[in-house]
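Accompanying notes for the structure given below.
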Amino acid sequence: MKTKGTVTGIVSNLVSVRVDGPVSENEICYIDLAGVRMMAEVIKVNGDTASVQVFESTRGLKGGDSVEFEGRMLEATLGPGLLSSVYDGLQNNLATMDSVFLRRGEYTDPLDHEKLWDFTPLVKSGDSVVAADWLGEVKEGWLPHKIMVPFSFSGTYTVKSVKEAGSYNVDTEIAVLTDEKGDDHSVTMVQKWPVKIAIKGYREKPRPDRIMETGVRVIDTLNPIAEGGTGFIPGPFGCGKTVLQHAIAKQGDADVIVMAACGERANEVVEIFTEFPELIDPHTGRHLMERTTIICNTSNMPVAAREASVYTAMTICEYYRAMGLKCLLLADSTSRWAQALREMSNRMEELPGADAFPVDLSAIISNFYARAGMVILNNGQRGAVTFIGTVSPAGGNLKEPVTESTKKAARCFYALEQNRADQKRYPAVGPLESYSKYLDYPEIAEYLDKTVEEGWVEKVLRSKNIIRRGKEAAEQINILGDDGVPMSYHVNFWKSELVDFVILQQDAFDAVDALCPLERQRFMLDLILEICEKDYEFEDFEKCREFFKNLINELRQMNYSVYESEQFFAYNDSVKKMIA
Ligand code: ADP
Ligand code: MG
């Protein structure tokens, strides 16, 4: 028997419901509005009153309308066909609709039930399996998509039967599993999982031990993110958060990419729709969309759907991680999600925390970031979810609660600075404030020693020191004037400009410069250190400026030339002559 209820109060999309039976937090219910069933989620239960957030406009809803509770949480539907799909936060398939606007109470199916998938079994009758074990495989694009024992199964099962190789749709029974009591369970290619609960089904979750290449120098060279690591990009409006995140999405070394877009501007979401399907994956030469799922927040959806989007996106990543794949989750912007939490909390008249955000904001953000990570599956294979979120602090104030809470949760910090953006020094990542805690991990240092160059982390720290000394010199020159400081100050300043222009700055819109592979980053950092660790004598500061400006020009030409091409080496030779 389903629990029923009656609407007793409405504040925008927060609705109070008097219930006639048990309900639990995060349970899903449907409110009946003259035959239209609107989905809502319980966020608080108090005696016989449940507060529910409605995922749609509550226009026309009135006291006395009836509600039916489902006895389950908000779930994601998982199966082949998630990749290359565009969903909203409730996993409505936006691509199959006539317009981006769903009618109220209309929910579409996330998966194609007609499409046939070439299935190959990976187990045989008599095998013992547990939740998340691989029963078979289909090809989703070019990726192996594992059909797993549903994550909700507990205990050990015996495979009673498994389908032979062939083409089947997602609803075909591909295996029958017998539990310890002797009961049979049918398994298809589709399973459901509550989005607010992390998917387990792995043996251990050790610390990340390698980096995820992004082709962005300021990340890979200076502040690398680990495979299975976490990072965030705070920055004022217009400083390049979305451009940087899209560069990571296009170039990141991952098998699967999930983008949760709660755009600041309506046209950003439209841009994703139109731009992503056209993009070519630099790693495979195929369409990037083949390994991407996009979760968009359409502008007609109320705030509650933003929360659903980030959780649905994370759940999809965890699902692919359980197949032994490297997944990259990007959320733009998580501030929008936090604002949704704030609105609901205020409507419920809860005691507010800092800036009226809910008091448990920090815990909510930490728990979410903690779902990322590298895992060792039960069969010994690796899988990873790397998560990078953007944060848009109001007025660029990095002390506001969402930025502060995220800083505690994420291990990489890529702070975009207004003054760098104003000077068109893109990506506007502040070199001294930003950090990657992974550089302190011995496992990561060892990995970089092996894959990039012996003693790499120490070189990175040296380059950061050049920037630090340059900044100090610039401050002194500002106070004392060009002639009031020793020549060494000018030299230090210009050395840091060189690191800035050649390593930090990168043109996201230039075909060559946009993607800088690690080998190339190694070559450039070695060259920059060679230049910067030499002593130079100049008659006056103008000669010094001219020398470094010419050098920067040549080095920038190198960045724009194909790596190791004739042209590249010609510029390299000319640089070497200049510093001889
Ligand atoms: P935000 O998401 O922080 O509001 P955007 O990512 O939309 O900001 O960036 C704003 C503008 O800054 C872009 O439209 C682009 O012109 C410029 N920009 C940002 N990053 C770069 C980059 N790496 N290279 C060149 N231009 C950039
Ligand atoms: Mg943006």
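Only the coordinates and a few stated rules stand behind these numbers; no lab work does. Note that the structure is a prediction, hence the values are computed from the model and not measured. Glycine gets a Cβ as well: all are built from the backbone with ideal geometry, and neighbour counts include every protein chain shown.
Could you state the angle between the C-alpha long axis of helix 518-532 and the longest principal axis of the C-alpha atoms of the chain, as a value from 0 to 90 degrees rounded to the nearest 10?
The angle comes out near 30 degrees.
Do any GluC sites (Glu not before Pro) in the stretch 285-370 lie in a loop, going by DSSP, with at most 16 other beta-carbon atoms within 10 Å of their beta carbon, and if so which?
Hits after loop and neighbour filter: GLU349, GLU350.
To the nearest 20 debye, what charge dipole does the chain have about its Cα centre, counting +1 at the Cβ of each Lys and Arg and -1 at the Cβ of each Asp and Glu?
On the way: 63 positive and 86 negative charges, 177 e Å.
Roughly 840 debye for the chain.
Can you list the HN-Hα couplings for the stretch 80-85, worked out from phi with the Karplus curve (6.51, -1.76, 1.60; θ = phi - 60°), rounded to whole Hz and with x for Gly and Pro?
x, x, 5, 5, 6, 8
Cut-off under 17 Å on the C-alpha distance; same-chain residues fewer than 8 positions from LYS450 excluded. Which aspartates and glutamates are left, in chain and number order?
Candidates past the 8-residue exclusion: ASP209, GLU213, ASP220, GLU227, ASP440, GLU458, GLU519, ASP526.
Could you tell me how many degrees, from 0 to 90 and to the nearest 10, lie between the Cα long axis of helix 304-321 and the main elongation axis, the longest principal axis, of the Cα atoms of the chain?
80 degrees
Just in the stretch 533-580: which GluC sites (Glu not before Pro) are loop by DSSP and have at most 15 other Cβ atoms within 10 Å?
Within the stretch 533-580, the qualifying GluC sites (Glu not before Pro) (loop, at most 15 other Cβ atoms within 10 Å) are GLU533, GLU537, GLU539, GLU564.
Scan the chain and report its longest stretch carrying no chymotrypsin sites (Phe, Trp or Tyr not before Pro) that are both in a DSSP loop and have at most 12 other Cβ atoms within 10 Å.
143-508
With θ set to phi - 60° and the Karplus curve 6.51 cos²θ - 1.76 cosθ + 1.60, what are the ³J(HN,Hα) couplings of the stretch 143-151 in order, to the nearest whole Hz, using x for Gly and Pro?
8, x, 9, 7, 9, 10, 5, x, 4
R0 = 25 Å: FRET efficiency of ALA580 with ASP483, Cβ-based, nearest 0.05? The partial results should precede the final answer.
Details: r = 29 Å, r/R0 = 1.16.
Here the calculated transfer efficiency is 0.30.
Residue farthest toward the positive end of the dipole of the chain, with Cβ of Lys/Arg at +1 and Asp/Glu at -1: which of PRO144, ALA304, ALA511?
Checking the options against the dipole of the chain, the answer is ALA304.
Give me the log10 of I(q) over I(0) for the stretch 456-579 at q = 0.15, 0.17, 0.19 Å⁻¹, as the Debye formula computes it from C-alpha points; what are the numbers?
Log-scaled intensity ratios, in q order: -0.70, -0.88, -1.05.
Place +1 on the Cβ of every Lys and Arg and -1 on the Cβ of every Asp and Glu in the stretch 456-579, take the dipole about the Cα centre, and give the residue among SER561, GLY470, TYR571 whose Cα lies farthest towards its positive end.
Value: GLY470.
Using the alpha-carbon atoms, what tilt in degrees (0 to 90, nearest 10) does helix 487-499 show relative to the longest principal axis of the chain?
40 degrees
Treat each spin label as a single point 7 Å out from the Cα along the C-beta direction, and report the ASP20 to ASP360 distance in nm.
According to this spin-label approximation, the distance is 3.0 nm.
Show me the three semi-axes of the equivalent ellipsoid for the stretch 4-73, from the C-alpha gyration tensor (sqrt of 5 times each eigenvalue), largest first, rounded to whole Å.
The equivalent ellipsoid of the stretch 4-73 has semi-axes of 16, 12, 11 Å.
So which cysteines in the chain don't have a second cysteine's C-beta under 4.7 Å from them?
Flagged as lacking a Cys partner: CYS29, CYS239, CYS262, CYS296, CYS412, CYS516, CYS532, CYS544.
Could you list, in their original order, any pairs among LYS495/LYS549; LYS459/LYS577; LYS471/LYS577; LYS124/LYS326 whose Cα atoms are separated by more than 19 Å?
From the list (LYS495/LYS549; LYS459/LYS577; LYS471/LYS577; LYS124/LYS326), the Cα-Cα distance tops 19 Å for LYS459/LYS577; LYS471/LYS577; LYS124/LYS326.
Which percent of Cα pairs goes in each bin when the distances of the stretch 117-192 are cut into 5 angstrom slices starting at zero?
So the P(r) values, bin by bin, are 3, 18, 31, 26, 15, 6, 2, 0.
Amide H neighbours of ASP133 under 5 Å, at least 5 residues apart or on other chains, H built in the peptide plane: list them.
Under 5 Å from the amide H of ASP133: VAL149.
What lysines sit close enough to LYS44 to cross-link, taking a C-alpha to C-alpha distance under 29 Å and skipping anything fewer than 8 places away on the same chain?
Straight-distance partners of LYS44: LYS2, LYS4, LYS62, LYS192, LYS196, LYS200, LYS407, LYS408.
For the chain, what class follows from the C-alpha gyration tensor (a ≥ b ≥ c being the square roots of its eigenvalues): rounded when a/c is under 1.5, otherwise prolate if a/b is larger than b/c, else oblate?
prolate
Relative contact order for the chain: what percent, with Cα pairs under 8 Å and sequence separation of 6 or more?
Once normalised by length, the contact order is 13 percent.
Quick one: dipole size for the stretch 117-192, taken about the Cα centre, charges +1 on Lys/Arg Cβ and -1 on Asp/Glu Cβ, in debye to the nearest 20.
Values: 7 positive and 12 negative charges, 21 e Å.
Charge dipole of the stretch 117-192: 100 debye, to the nearest 20.
Treating only the Cβ of Lys, Arg, Asp and Glu as charged (+1, +1, -1, -1), what charge dipole size does the stretch 1-117 show about its Cα centre? Round to the nearest 20 debye.
320 debye
Using DSSP to define loop residues, name the GluC sites (Glu not before Pro) in the stretch 1-69 whose beta-carbon has at most 16 other beta-carbon atoms within 10 Å.
In loop regions of the stretch 1-69 (DSSP not H, G, I, E or B), the sparsely surrounded GluC sites (Glu not before Pro) are GLU25.
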